[in-house]
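For reference, the structure is listed below as structure tokens.
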Amino acid sequence: MASSTAEPVPGRRRRAVLLTRPLEDSRALADGLAEEGIQAEIWPLTAIRPLAMSLKLPPTLDGLLFTSAHGVRAFAGLAPRRDLPALCVGRRTADVARRLGFAGALSAGPDAEALARAASMSGLRHFFHARGRDAAADLKAMLAARGVHVTEAVLYAAEETGPPPAPVAHALGSGAIGLVTLWSRRNAEIFARRMAAPGALAPGLRGLAISARAAEPLAALGLASVTVAEAPDGAAMRAAIRALA
């Protein structure tokens, strides 16, 4: 596949990429893609809403678990502690944690299973998990089976935003968007439900999913193709966007 720096084919219109993560995440990615000459449209399928006003940490705590940057931000806004080791899903989550003062934050891998393995091998025995309302994996149960205790708190929710903005709906129906990116199974389920009406999507639209599980709801839409990222993380998604765009 051609890279994003290749010269465009004469007479061929370069179509935009649709980003569907929450607004802050999508804007940051769109800015990076623009520097590479890739146009992005944004339709945040969910918006992050805080659910907790205060947070009390157990005195026996010796580590933190972050499965998303949203969890890092929610925890940082409620708790002053920055001294505890923090294990994170993905490099971007670890980067956000370090920027917010968690100097020892480390990326444990691309998904919850990798995080559970790293936590069980860390020597720490009581973690706090700052999580969202809709979790893809039960990290507490995964670690309990390995003899590690997890205290968890639901600090935020990713709530559905509604139908696409009119410019995005028009771009999807007219073919101005050539690639839609789906960052979770829930993302894909929302997109598939919202865009199920005949004519909502122009022929030739391709999909990019962060995992095989996230790709499954797209089957009903009849997309031209669905690509699954090589790893379930932001870096692999960005690499795939560059390749497909």
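Here are some notes:
- Checked across the stretch 130-138, the condition of being touching a strand residue (DSSP E or B) at 6+ places or on another chain (Cβ under 9 Å) and of a type in the set (Asp, Glu) holds for at least one residue.
- Any hit, the stretch 98-109, residues being assigned to a helix (DSSP H, G or I) and either over 11 Å from Phe66 (Cα atoms) or not hydroxyl-bearing (Ser, Thr, Tyr) (or both): yes
- Selection over the stretch 153-184 of residues that are assigned to a helix (DSSP H, G or I), in contact (Cβ under 8 Å) with a residue 12 or more places away in the chain and surrounded by fewer than 18 Cβ atoms within 10 Å (Cβ to Cβ) gives a count of 4.
- Of residues in the stretch 43-71 being open to solvent by 40 Å² or more (accessible area, probe 1.4 Å) and either basic (Lys, Arg) or in a strand (DSSP E or B) (or both), the one nearest to Phe128 (Cα to Cα): Lys56
- Looking across Ala136, Ala94, one residue alone is under 22 Å from Met237 (Cβ atoms), touching a Cys at 6+ places or on another chain (Cβ under 7 Å), of a type outside the set (S, T, N, Q) and surrounded by 15 or more Cβ atoms within 10 Å (Cβ to Cβ). It is Ala94.
- Residues being of a type outside the set (Phe, Trp, Tyr) and within 15 Å of the chain's Cα centre (by Cα) - total across the stretch 167-203: 10
- If you check Ala240, Ala214, Ala220 for being more than 18 Å from Ala137 (Cα to Cα), touching a strand residue (DSSP E or B) at 6+ places or on another chain (Cβ under 6 Å) and in a helix (DSSP H, G or I), only one passes: Ala240.
- Whichever residue in the stretch 140-152 is farther than 27 Å from Arg49 by Cα and either hydroxyl-bearing (Ser, Thr, Tyr) or in a loop (DSSP other than H, G, I, E, B) (or both) and, among such residues, is modelled with the highest pLDDT: Val148
- Filtered residue count, the stretch 215-245, keeping only those that are within 23 Å of Ala158 (Cα to Cα) and either at pLDDT below 95 or among the charged types (D, E, K, R) (or both): 8
- Among the residues of the stretch 25-52, those identified as over 18 Å from Arg186 (Cβ atoms) and touching a residue at least 24 places away in the same chain (Cβ under 8 Å) are Leu29, Gly32, Leu33, Glu36, Gly37, Ile38, Gln39, Ala40, Glu41, Pro50, Ala52.
- Residues in the stretch 102-122 that are modelled with pLDDT of 95 or more and either aromatic (Phe, Trp, Tyr) or more than 22 Å from the chain's Cα centre (by Cα) (or both): Phe102, Ser120, Met121, Ser122.
- If only residues of the stretch 5-22 that are within 22 Å of the chain's Cα centre (by Cα) and farther than 13 Å from Val168 by Cβ are counted, the one that is modelled with the highest pLDDT is Arg21.
- Meets criteria (within 22 Å of Arg91 (Cβ to Cβ), surrounded by 24 or more Cβ atoms within 10 Å (Cβ to Cβ) and of a type in the set (A, V, I, L, M)) for Ala76: no
- Summed over the stretch 108-131, residues that are crowded, with 20+ Cβ neighbours inside 10 Å and under 20 Å from Arg82 (Cα atoms) total 8.
- Taken over the stretch 111-139, the criterion of being small (Gly, Ala, Ser), part of a loop (DSSP other than H, G, I, E, B) and in contact with a helix residue (DSSP H, G or I) (Cβ under 7 Å, 6 or more places away or on another chain) is satisfied by Ala136, Ala137.
The values are calculated or read from the model by the stated rules, or taken from the named source; none is laboratory data. Small disclaimer: the values here were computed from a predicted structure and weren't measured. Here the Cβ is made from the backbone with ideal geometry for all residues, glycine too, and neighbour counts use every protein chain on show. Please note that ligands, DNA and RNA were not included when accessible areas were found on the heavy atoms of the full protein model with its side chains. Shrake-Rupley method; radii C 1.70, N 1.55, O 1.52, S 1.80 Å.
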